[in-house]
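Undergrad: Starting off with a structure, shown below.
The values are calculated or read from the model by the stated rules, or taken from the named source; none is laboratory data. Keep in mind that what you see is a predicted model, and the values were worked out from it rather than measured. A quick note on method: Cβ atoms are made from the backbone with ideal geometry, for glycine too, and the neighbour counts reach across all protein chains shown. For the accessible areas, the whole protein counts, side chains as well, though only heavy atoms, and no ligand, DNA or RNA atoms are used. Shrake-Rupley method; radii C 1.70, N 1.55, O 1.52, S 1.80 Å.
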Amino acid sequence: MAAILFVLVVRHLESPTGGIHVPWWALALAFAAAEVFVVHVNYRHSALSLSLAEVPLVAGLFLAHPSELMLACILGPGVVLLLDRRHIPMRTAFNLAQFALVGGLSITVFSLLMPASAEVGPEAWVATLAATLTGTLAAGGLIAVGMSLAEEPVDGPQLRQMLGADGLVTIANTCLALAGVAVLLADPRSAWLLLGPAIVMFLAYRAYVQERSRHRSLEFLYDVTRTVHRAPTVPAALTELLTKAREAFHAESAEVYLFPADGPPLRTTVTFEGVIAVMEPDESDVAGALRRTVVEDGSVLLRGDAAHGRRELLLAPLAGEHGLLGAIALADREGRVTEFTRHDLTLLETLANHTAVSLEHDRLEQAVWELTEDRARLEHRAHHDPLTGLANRELFAEQVEAAIARPDGRAVVLLLDLDDFKHVNDRFGHEIGDELLVAFTRRLRSCLRTTDLPARLGGDEFAVLLDRGDHERATRIAERIQVAFKEPFKLSTATLRVGASTGIALGEHGEATAADVLRNADVAMYAAKEQEKGHFEVFDDRQAAPLQRRHTLTGELERAVEQRSLEVSYQPIFELATGRVVGAEALARWHRPNAEDVGPAEFIPLAERSGLIVPIGELVQARACTQLQRWERSAETSGLLMHVNLSPAELRDPDLVPRVAAGIEDAGLDPSQLVLEVTESALLEDARLAETQLERLSALGVRIAIDDFGTGYSSLHTLQRLPIDMLKMAKSFVDDDGLAFQTTILQLARALDVTVVAEGIESEAQLERLRELGCDMGQGFHLSPPVSGVALLDQPLSQILAGREGERDLEAA
């Protein structure tokens with residue numbers, strides 16, 4: 001707009017004919033001085049500036065060329081703005097454009113209304129006032145638009161208040177300037193006489209603003225003191241204090257840090273966006289630095305690097321009669337036009353003293369009570385389950401230990417585990433699962449005395465510590481629980497019947513610890529699960545030995561996995577029609593140093609329960625792919641398949657597919673050479689997830705086999721939908737009396753166009769019958785037991801198998 005006015009109007013205007021010409025650089029200096037000696041008035045989140053800029057503007061209208069006046073309007077203030085680092089580039093650009101537009105509008109209006117004569121008469125007064133007021137209204141409107149875009153809309157009353165104040169100042173400045181111009185045109189030597197009124201007027205502005213500021217400071221202190229005193233709680237008092245302080249000081253943020261005798265500082269923060277934190281523990285470096293600053297220096301005004309990450313920071317201590325209570329901090333003046341001053345620091349220090357007195361005398365006792373209550377709530381939260389409100393494992397173990405520690409102490413513990421809870425979560429979702437746990441808790445409480453302690457140890461595992469109980473009362477409680485849980489649970493969207501298996505254990509003073517009692521109850525609970533659902537068992541010493549072995553083996557197995565000391569053996573898979581070796585199944589083996597070996601039938605369930613099955617699967621796959629790569633180097637054994645088992649836990653592992661892909665790539669194998677075996681039971685645990693994982697694996701080019709086929713409950717619909725390449729006939733169907741099942745499985749495989757591998761071939765008769773039925777492949781001890789991977793490094797697989805064939809011939813002879 002300024003550029004358009006200059007091109008269309010200003011540059012075509014001629015200089016006034018008053019006889020006196022003021023050069024552009026003199027006007028630019030006058031505009032610069034007016035910008036330097038300015039009175040800043042903070043308004044909301046911004047700052048308005050009141051200056052004597054109309055004085056050089058009016059002088060230029062009468063005494064300078066219009067183009068030079070417009071140049072001076074821009075250059076004079078522009079130099080000041082560019083030298084002031086507090087102004088961000090966007091604000092500087094906006095102000096320069098605003099100065100240009102005000103100058104252009106004023107010159108245009110003045111040229112249209114100014115009479116032909118250059119006399120400073122009534123017509124000239126009207127023209128000049130119209131020109132300066134037009135520029136002022138335009139500038140005020142632009143500022144209002146900028147504030148509305150940057151912060152929030154300026155409403156009508158606020159806009160009228162802003163323009164009214166600007167208009168009054170403009171009229172006063174214009175009248176002063178007109179008087180000066182009239183004096184200059186009458187006698188140029190009298191110019192020096194104008195300097196006095198200008199200085200007095202500027203000082204009057206500043207004196208008025210300072211007096212008004214002092215008056216508002218007194219009102220502010222009185223208002224804040226009254227607010228803090230009347231607030232119902234300490235958090236409310238601090239919030240009100242900071243809200244009023246931030247507004248009064250025009251700060252972007254206000255904070256109070258309370259420093260209790262023990263514990264971390266408590267921070268309350270208010271910004272122009274609202275309350276951010278109320279008495280929140282703050283152990284940050286900033287809180288510690290602020291505390292050190294107020295202890296060492298008292299009230300300070302910090303800028304730059306010393307301001308702890310802010311542009312500027314006012315800091316004052318809250319000092320009570322018995323020491324430092326805290327500190328109050330105000331950061332970053334809004335608007336970036338003015339900065340905090342020593343007067344602001346003095347006012348903040350006075351505010352801090354008033355606040356400290358009110359907090360210490362009127363609210364200190366309440367603050368301590370509130371902190372105690374907060375700590376009690378935190379303590380309760382740390383020792384109780386958030387969902388059910390029951391004691392957690394830590395608190396329960398402490399109470400069991402306390403019960404045993406008494407001279408005649410005894411602890412009777414019931415350990416309960418919900419039956420089939422996982423299926424509830426899988427079928428109905430975790431929200432219904434949580435609802436069931438809460439309902440279970442209510443029903444469990446109804447079976448107990450108020451002095452008994454129920455607890456949720458985690459997941460679907462609960463425990464009860466009986467008050468002065470014995471085995472007899474424990475069994476009565478267990479029977480009562482069995483009866484109570486026969487009734488279905490009516491939940492929001494489902495009605496479920498869920499039982500609980502219960503283990504009972506007793507610990508006497510001097511004979512057991514809390515860990516012993518809980519472990520024994522856990523053993524009894526697993527013994528109950530082996531009986532039937534909803535059953536309970538009382539611990540007996542005969543159950544301890546298997547548990548001890550299970551715990552010992554689990555610890556050793558974890559170390560073996562960490563040290564990667566498990567070995568992998570390979571059981572060859574033969575093409576039954578030709579007797580040719582077509583592949584091998586990788587099998588994990590655990591040979592313990594200085595102890596008996598542990599078979600897979602024992603350590604695989606341990607690995608599944610302890611979560612070690614996934615790293616074991618990773619180890620077996622990596623070694624199997626490496627072994628297959630070594631075999632591939634021998635021309636006589638190329639094209640073999642490597643079978644690797646996948647556990648249900650591995651199917652649930654989100655990293656399964658990337659891990660398999662990486663193993664194939666690292667070994668440089670054809671993906672179709674890797675066969676991943678999944679049991680039917682694994683498919684049934686989470687059918688949708690299993691289907692997704694198998695499809696992703698199949699997309700890699702990997703083959704999929706169903707292991708122990710026939711022992712699960714797979715439907716034909718499931719088999720058709722899954723990307724299956726092989727069925728592994730379970731050993732139970734390979735036995736001599738399984739002819740009908742063998743025939744059925746082979747017919748089903750032909751219908752599905754998949755390969756069948758018979759497992760567990762242990763006799764020549766089984767082998768011959770499978771050949772006659774047309775079974776594709778087979779494996780078993782009759783053909784070859786698993787072969788050590790170490791031996792395979794020294795000779796090709798075919799030689800090992802040839803040697804094994806010779807051993808069988810020798811045995812037959």
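Undergrad: If you check every pair at least six apart or on different chains, which have Cβ atoms under 6 Å apart with a residue in the stretch 45-68 that is modelled with pLDDT of 85 or more first and a residue that is of a type in the set (D, E, K, R) second?
TA: Sorted first by the residue in the stretch 45-68, then by its partner, the pairs are 67/11.
Undergrad: Another one. Please enumerate the residues belonging to the stretch 694-718 that are open to solvent by 30 Å² or more (accessible area, probe 1.4 Å), at pLDDT 90 or above and part of a strand (DSSP E or B).
TA: Listed by number, the list holds a single entry, 703.
Undergrad: Is it true that some residue in the stretch 735-748 is aliphatic (A, V, I, L, M) and in a loop (DSSP other than H, G, I, E, B)?
TA: no
Undergrad: On to the next question. Out of curiosity, is residue 733 at pLDDT below 90 and open to solvent by 40 Å² or more (accessible area, probe 1.4 Å)?
TA: No; evaluated as a whole, the condition is false for this residue.
Undergrad: Only one of these conditions is not met by residue 433: (1) in contact (Cβ under 8 Å) with a residue 24 or more places away in the chain; (2) buried (at least 16 other Cβ atoms within 10 Å of the Cβ). Which number is it?
TA: Checking residue 433 against (1) in contact (Cβ under 8 Å) with a residue 24 or more places away in the chain; (2) buried (at least 16 other Cβ atoms within 10 Å of the Cβ), the one that fails is (1).
Undergrad: Based on what the data block shows, is residue 77 over 20 Å from residue 15 (Cβ atoms), modelled with pLDDT under 85 and open to solvent by less than 10 Å² (accessible area, probe 1.4 Å)?
TA: Yes: the conditions hold for residue 77.
Undergrad: Do we have any residue at all in the stretch 450-462 that's basic (Lys, Arg) and under 39 Å from the mean Cα position of the chain (by Cα)?
TA: yes
Undergrad: Continuing with the same structure: Quick test of your reading of the structure: residue 143 fulfils all but one of (1) crowded, with 17+ Cβ neighbours inside 10 Å; (2) modelled with pLDDT under 80; (3) in contact with a strand residue (DSSP E or B) (Cβ under 8 Å, 6 or more places away or on another chain). Name the failing condition by number.
TA: (2)
Undergrad: At pLDDT 85 or above, under 50 Å from the mean Cα position of the chain (by Cα) and crowded, with 20+ Cβ neighbours inside 10 Å: is that true of residue 110 in this structure?
TA: When the stated conditions are applied, residue 110 does not pass them.
Undergrad: Of all residues in the stretch 113-139 being exposed (fewer than 15 other Cβ atoms within 10 Å of the Cβ) and outside any helix (DSSP H, G or I), which is modelled with the highest pLDDT?
TA: So the residue we want is 121.
Undergrad: How many residues does the stretch 163-188 hold that are more than 17 Å from residue 62 (Cα to Cα) and either among the basic types (Lys, Arg) or at pLDDT below 75 (or both)?
TA: Within the stretch 163-188, residues that are more than 17 Å from residue 62 (Cα to Cα) and either among the basic types (Lys, Arg) or at pLDDT below 75 (or both) number 1.
Undergrad: Related question: Kindly indicate whether residue 756 is closer than 23 Å to residue 580 by Cα, at pLDDT below 90, buried (at least 21 other Cβ atoms within 10 Å of the Cβ) and hydrophobic (A, V, I, L, M, F, W, C).
TA: Taking the combined requirement at face value, the residue does not satisfy it.
Undergrad: Which of the residues belonging to the stretch 771-786 are assigned to a loop (DSSP other than H, G, I, E, B) and either farther than 20 Å from residue 599 by Cβ or modelled with pLDDT under 70 (or both)?
TA: 774, 775, 776, 783
Undergrad: Identify the residue in the stretch 265-274 that is under 23 Å from the mean Cα position of the chain (by Cα) and modelled with pLDDT under 85 and, among all such residues, is most open to solvent (accessible area, probe 1.4 Å).
TA: 273
Undergrad: Could I ask something else about it? In the stretch 571-663, which helices (runs of 4 or more DSSP H) lie fully inside it and hold 1 or more residues that are at pLDDT 90 or above?
TA: 613-632
Undergrad: Quick one: which residue in 632, 691 is without any contact (Cβ under 8 Å) to a residue 60 or more places away in the chain, open to solvent by 10 Å² or more (accessible area, probe 1.4 Å) and over 27 Å from residue 786 (Cα atoms)?
TA: After ruling out the rest, the residue left standing is 691.
Undergrad: Let me ask something additional. Just to verify a result, which residue in the stretch 410-430, among those that are assigned to a loop (DSSP other than H, G, I, E, B) and farther than 30 Å from residue 512 by Cβ, is most open to solvent (accessible area, probe 1.4 Å)?
TA: 420
Undergrad: Out of (1) modelled with pLDDT under 90; (2) open to solvent by 30 Å² or more (accessible area, probe 1.4 Å); (3) within 30 Å of residue 632 (Cβ to Cβ); (4) not aromatic (Phe, Trp, Tyr), the odd one out for residue 789 is which?
TA: Of everything listed in (1) modelled with pLDDT under 90; (2) open to solvent by 30 Å² or more (accessible area, probe 1.4 Å); (3) within 30 Å of residue 632 (Cβ to Cβ); (4) not aromatic (Phe, Trp, Tyr), residue 789 misses just condition (2).
Undergrad: Could you list, ordered by first residue, the pairs with Cβ atoms under 6 Å in which the first is in the stretch 160-174 and within 14 Å of residue 141 (Cβ to Cβ) and the second is in a helix (DSSP H, G or I), at least 6 apart or interchain?
TA: Once the first residue is within 14 Å of residue 141 (Cβ to Cβ) and sits in the stretch 160-174, its partners that are in a helix (DSSP H, G or I) give 162/140; 163/140; 166/136; 166/140; 170/54; 170/132; 170/133; 170/136.
Undergrad: Since residue 585 meets every condition but one in (1) under 23 Å from residue 757 (Cβ atoms); (2) open to solvent by 20 Å² or more (accessible area, probe 1.4 Å), which condition does it not meet?
TA: (2)
Undergrad: Determine which single condition residue 407 fails, assuming it passes every other condition in (1) part of a loop (DSSP other than H, G, I, E, B); (2) crowded, with 16+ Cβ neighbours inside 10 Å.
TA: (2)
Undergrad: Moving on to the next point. Please work out if residue 768 is open to solvent by 10 Å² or more (accessible area, probe 1.4 Å), touching a Gly at 6+ places or on another chain (Cβ under 9 Å), modelled with pLDDT of 90 or more and acidic (Asp, Glu).
TA: No; evaluated as a whole, the condition is false for this residue.
Undergrad: Further question on the same structure: Of all residues in the stretch 557-570, which are closer than 30 Å to residue 783 by Cα and open to solvent by 20 Å² or more (accessible area, probe 1.4 Å)?
TA: Correct list: 564, 565, 567.
Undergrad: I would also like to ask the following. If you scan the stretch 236-264, which residues turn out to be modelled with pLDDT of 80 or more and of a type in the set (D, E, K, R)?
TA: 240, 244, 246, 247, 252, 255
Undergrad: If I filter the stretch 382-402 for residues that are modelled with pLDDT under 85 and open to solvent by 40 Å² or more (accessible area, probe 1.4 Å), do I get at least one hit?
TA: Within the stretch 382-402 (the criterion being modelled with pLDDT under 85 and open to solvent by 40 Å² or more (accessible area, probe 1.4 Å)), the answer is yes, since at least one residue qualifies.
Undergrad: Sticking with this structure for a sec: Can you work out which of the residues in the stretch 516-534 that are open to solvent by 50 Å² or more (accessible area, probe 1.4 Å) and either over 39 Å from the mean Cα position of the chain (by Cα) or among the small types (Gly, Ala, Ser) (or both) is farthest from residue 481 (Cα to Cα)?
TA: Applying the filter and picking the extreme gives 530.
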